[in-house]
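Step one of this worksheet: look at the structure below.
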Amino acid sequence: MPRIKNNNSIDSGEAVGIVAAQSLGEPGTQMTMRTFHYAGVAEQVPLGLPRLIELVDARREPSKTLTDIYLENDMEKNYKAVEELAKALEYISIEDVCSIVENFSKKELRITVDSEFAQANGITIRDIAKKIRQSMGNAGKVKYKSNHIMVRIDTAYQKLRRLSMKIKAIPLKGIRGLSKATVINDERNGIYFIRCGGSNINEIKKIEGVDYSRIYTNNVREIEKHFGIEAARNALLKEIRQVMDLQGLPVDARHIMLIADAMCMRGAIEPVGRHGLSGRKSSVLARAAFEETVKHLVNASIKGEEDPLSGVTENIIIGQTIKLGTGKVRLVMKEME
Amino acid sequence: MAKKEDDKQQGPRKAIVYLNGMYMGFHDDPDALIRELVQKRRSGELSHNLNMSYNAKTGELHINTGGGRVRRPYIIVRDGKPLLTKEHIAKLKNGEITWNDLVMQGVVEYLDAEEEGSLAYIAMSESEVTPKHTHLEINPLSITGVVVSTQPYPDHNSSPRLTMASAMMKQSLGLYAVNFNYRLDSRAHILFYPQVPLVQTTSYKALNYDKRPAGQNFIVAVMSYYGYNMSDAIVMNKNSVERALGRSVFYKTYETEERRYPGGQKDKLMTPPPNIVGYREEELYKNLDEDGIIMPEVEVKPRDVLIGKVSPPRFMEEVATFGITEEKRRENSVTAKGGDYAMVDSVMVTESLAGNKLVKVKLRSLKVPELGDKFASRHGQKGVIGYLAPQEDMPFSASGIVPDLMINPHAIPSRMTAGHILEMLGGKVGSIGGRTVNGTMFSGEKEEDLRAELKRYGFNEAGEEVLYDGITGRKFKAKIFMGVIYYQRLHHLVSNKMHVRSRGPVQLLTHQPTEGKAREGGLRFGEMERDCLIGYGATQLIKERLLEESDKTVALVCANCGSLGVHDYAKRRDYCPVCKGTRMEKVEMSYAFKLLLDEIKSLGIFPRLKVSDKK
């Protein structure tokens, strides 16, 4: 077994980083023009190059996140139970249900409820009024009639505007950040699971019946926060791979692994680029050669940095052989006595 | 004319009037204003250059009279009847009236893009004119520009190919001017035996293309040929080329002037004397006449002097001890550049605008089509010669017809240039029938008619021929589509581009090789190429490319303080100008890095190099 393993390991001095970069970069050039769109899918996760850039940049706020929620063993086979949970997940605030008109001269807010929408989500106007009353404490009066709610309060104009903003944000139902929860039938495993937009694992895990260990989101930062850096590395690998495969440009997993490993090597996800990997190279010359040349040179001079000239870029700059490939081999000879 | 009203009276039907983008005022009845303006423009009371556009949504009426608007002529339609009548056309034919008369009479008017889009309703043909129409297209063909209108069967091609064909037609060699012998263009090409295309469009006569053609009718077979026409390469018949198919001359003119300099000094055109600064080898001056100018019909090769010139020194010299400066004039001749193997065609001596003696020397070189020269049809189908096949090795038909050119069938389907195929068919019909074929857009001769005519002549109606392999003599299993199509030689000739370098000049600043053919430069080994070598682990090769073959220098580094040192030639020793140390090490580095160190120093940062023995 160790023999097989050793036979398959990469040779010492192989330029794995460059090869990985080329293996991902070249298909990347072909991707730009060919972004596929799928008919009937409303919730579009960015695909192709934009998504790849997003992953490699390790954005704190990815443009569109999805979360897959799996339930505990006996529940996940029961469609009704899953659907019920899904309905409860979707985040609805007053803003989604009502429209608010501010009347500054009468110092009142006129809130009109979209009764159809409210009914479909099992929200009554009484609930809404109650929530508003709660949020306001003792100040002002709240009245409701048919589908109108009137809030009267005697304050300054600015406060009225602030109040309306506050009312708009009052949560009515669901978990903050989650939207469009749909039940998906995993036919192969004979189970149902919930796919919803947004990611809020912190809240989702508190729900009874949710299998915390199987929650998956395409928000890599969220995974890092809740499941640790190893899980984040695997998520990065999975996501990048998925982007490439969807484009019909399969890339060997080991190239992606290397990139994912490099991004996670410091214990927290780091972007590739000026603010991440490339910006934290140990060599001054290598950093100066990449971006923000003057900044790096000046900072290095202030600190009195020394460049051991151990990397590739540095040695090319000064015109020496690089310590890779055939340049890694050294001939050592004992001095004659 | 336009009633200016007070801003406050703005009603619902009022228009904001702008003249050349500048606000002018409001008008009560924009429709009436437009009618009035149009009527006055047609009657000539207002300029024919005036155009307007009205946006009913925003109520903006823009009147434009400025330049820079693309305008096109249309026939005016009034009450469902075009104003251009048969009498007008008859009079035009007789020469009684001209185009301008039609414009002045208000029969034809020019619209710009804005007016065409907002106020006009244009009929494409006379038969579809209704009372709603305001204008009539003179010819539907005029929706294209001048160049596209000369392409045959453009309605059968994909639009990107039309664009590409238009771009390439402008690069074709032909008879650009009949007085080319007397002209001294700095570069010019003339095609031998230019031919009028067999498949033409109606705009040919109007454009006089038949008087200045730029191409020849080739017999083309659509077939592969031993892999020599893969990926847009073309195989041409060597014997056809030797019969002057696609042959051209290239003229190149060098010029120089006897300039006057401040201080009363002057250039002198003469054969430079051997003692002059910068004197070239004697050999290079051998063709100069007494006046220092080369003689006509002399063979010239690169570096040969064409016009001998002696110039005053670039900088004023120090005054010599006796107060007389001995004139140190320098050689400043005009020489033939790299790749110029040519004949001197003509020499002109004249005077420049400033009144100086001006000499122009025109070189002429014969350009026989060779490997790598570029050809293109009028359908965006370009290719470079991949092989010049001897006629005896080329396929032939039973009647002995051998193609001039073979294009690869793969060039057709993905590019969707059906027009190319149609032109081949049309050209075949035209060459057999002894006539030209009309390939005008929308109104060209139909494929069925061409096929029927071909059949009448006793040919395969699809244009296919039974061909025999010229090498084995065997009959091809497949019939080969062969026809006649107009091909153009494009001015990208290998002989004008070919360039090699093994050693040569370097840049002053970086000591790296120069760039470009004119400077005898090298080819850049760029960042991505470098990445590839790293990827291969070819360490020594990278060093060779980026250092030894480029800007290698040996710098002196102070072992004590790490700064760059200098060599004192007087004392014959190396020393460090910073710490005055004398323990200097010779370090091999790229000059660009030495330059970087210098520039960092100029930023106020002191870089030190720590030297030690190589581990």
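Readers should treat all values here as calculations from the given coordinates under stated rules, not as data from a laboratory. This is a predicted model, so every value here is computed, not measured. Here Cβ is always computed from backbone atoms with ideal geometry, including for glycine, and neighbour counts include all displayed protein chains.
Side notes on the structure shown:
- Mean Cβ count within 10 Å, highest first, over the residues of peptides A:124-134, A:301-311: A:124-134, A:301-311
- Relative contact order of chain A, defined on C-alpha pairs under 8 angstrom at six or more residues apart (%): 21
- Gained length - B:Lys57 relative to B:Tyr182, 0.36 nm times residue gap less alpha-carbon distance: 39.0 nm
- Positive-end residue, the protein assembly as shown charge dipole about Cα centroid, Cβ charges, pick of A:Tyr212, A:Met244, B:Ser149: A:Tyr212
- Peptide B:535-548, shielding by other chains (average Cβ, 10 Å cutoff): 6
- Computed over the protein assembly as shown, the quotient of the alpha carbon radius of gyration and 2.2 N^0.38 Å is 1.36.
- With the convex hull drawn around the C-alpha atoms of chain A, the volume per residue stands at 264 Å³.
- For the stretch A:78-140, a crude dipole built from +1 on the beta carbon of Lys and Arg and -1 on the beta carbon of Asp and Glu, taken about the Cα centre, is about 400 debye to the nearest 20.
- Greater than 22 Å apart at Cα, pairs in B:Lys40/B:Lys81; A:Lys131/A:Lys173; B:Lys170/B:Lys517; B:Lys374/B:Lys497: B:Lys170/B:Lys517
- Of all aspartates and glutamates in the structure, those lying under 12 Å Cα to Cα from B:Lys132, and not within fewer than 8 positions of it along the same chain, are B:Asp79.
- Note on chain B: semi-axes of the ellipsoid equivalent to its C-alpha gyration tensor, largest first and rounded to whole Å, are 59, 41, 31.
- Inter-chain neighbour count for B:345-356: the average number of beta-carbon atoms from partner chains within 10 Å of each residue's beta-carbon is 0.
- Label separation (B:Glu515 vs A:Arg195): 4.9 nm, computed from points 7 Å beyond Cα along the C-beta direction.
- Residues whose placed amide H lies under 5 Å from that of B:Lys266, excluding near-sequence neighbours: B:Tyr261
- Proximal lysines to B:Lys610, defined as alpha-carbon separation beneath 24 angstrom and excluding residues fewer than eight positions away on the same chain: A:Lys281, A:Lys295, A:Lys303, A:Lys323, A:Lys328, B:Lys543, B:Lys552, B:Lys580, B:Lys586, B:Lys594, B:Lys601
- Which of A:Gly13, A:Ala260, A:Asn138, positive extreme of dipole for chain A (C-beta unit charges): A:Asn138
- Model label sites at B:Asn356 and A:Ala253, defined 7 Å from Cα along the beta-carbon direction, differ in position by 7.4 nm.
- Estimated D of the stretch B:40-170 in µm² per second, where Rh is the Kirkwood radius over Cα pairs and Stokes-Einstein applies at 4 °C, 1.567 mPa s: 78
- From the alpha carbon centroid of the stretch A:73-139 to that of the stretch A:196-215 is 22 Å.
- Here is how the number arises for the protein assembly as shown: DSSP H runs of 4 or more residues each give -39500 (n - 2.57), the sum is divided by the residue count, and the result at 222 nm is -7500 deg cm²/dmol.
- Shielding by other protein chains, A:309-318, mean Cβ within 10 Å: 4
- For the stretch B:33-86 versus the stretch B:412-472, the inter-centroid distance based on Cα atoms is 45 Å.
- Gain on full stretching of the segment that runs from B:Val196 to B:Met124 - 0.36 nm per residue minus C-alpha separation: 22.9 nm
- Close amide-amide hydrogen proximity is noted between B:Ser346 and B:Lys362, each under 5 Å apart and 5 or more residues distant or on a separate chain (H modeled in the peptide plane; Pro and chain starts excluded).
- What you get for the protein assembly as shown, charging only the Cβ of Lys and Arg (+1) and of Asp and Glu (-1), is a dipole of about 2140 debye around the Cα centre.
- For the pair the stretch B:519-557 / the stretch B:247-261, the C-alpha centres are spaced 38 Å from each other.
- With coordinates expressed along the principal axes, the C-alpha atoms belonging to the stretch A:33-175 extend over 56, 41, 27 Å, beginning with the largest.
- Over all directions, the projected convex hull of the C-alpha atoms in the stretch A:92-173 averages 4.6 nm² in area.
- Relative contact order of chain B: 12 percent, from C-alpha pairs under 8 Å at least 6 residues apart in sequence.
- 3J(HN,Hα) from dihedral phi, the stretch B:238-245, Karplus parametrisation 6.51/-1.76/1.60, rounded to Hz, x for glycine, proline: 4, 5, 4, 4, 6, 8, 6, 6
- Rel. contact order, % - alpha carbon contacts under 8 angstrom, at least six apart, the stretch B:527-609: 27
- Scalar couplings 3J(HN,Hα) for the stretch B:139-146, obtained by applying the Karplus form with A = 6.51, B = -1.76, C = 1.60 to θ = phi - 60°, are 7, x, 4, 6, 6, 9, x, 4 Hz; x denotes Gly and Pro.
- Here the spin labels are modelled as points 7 Å beyond Cα on the Cα-Cβ line, and at A:Lys5 and B:Glu529 they lie 4.3 nm apart.
- Close amide H contacts of A:Glu108 (hydrogens built in the peptide plane, cut-off under 5 Å, sequence separation of 5 or more or a different chain): A:Asn103.
- Cα lying deepest toward the dipole's positive end in the stretch B:47-120, options B:Asn51, B:Val70, B:Trp99, charges on Cβ: B:Trp99
- Residues within the reach of a label modelled at A:Asn138 (point 7 angstrom out along Cα to beta-carbon, backbone nitrogen below 16 Å), restricted to the stretch A:145-180, are A:154.
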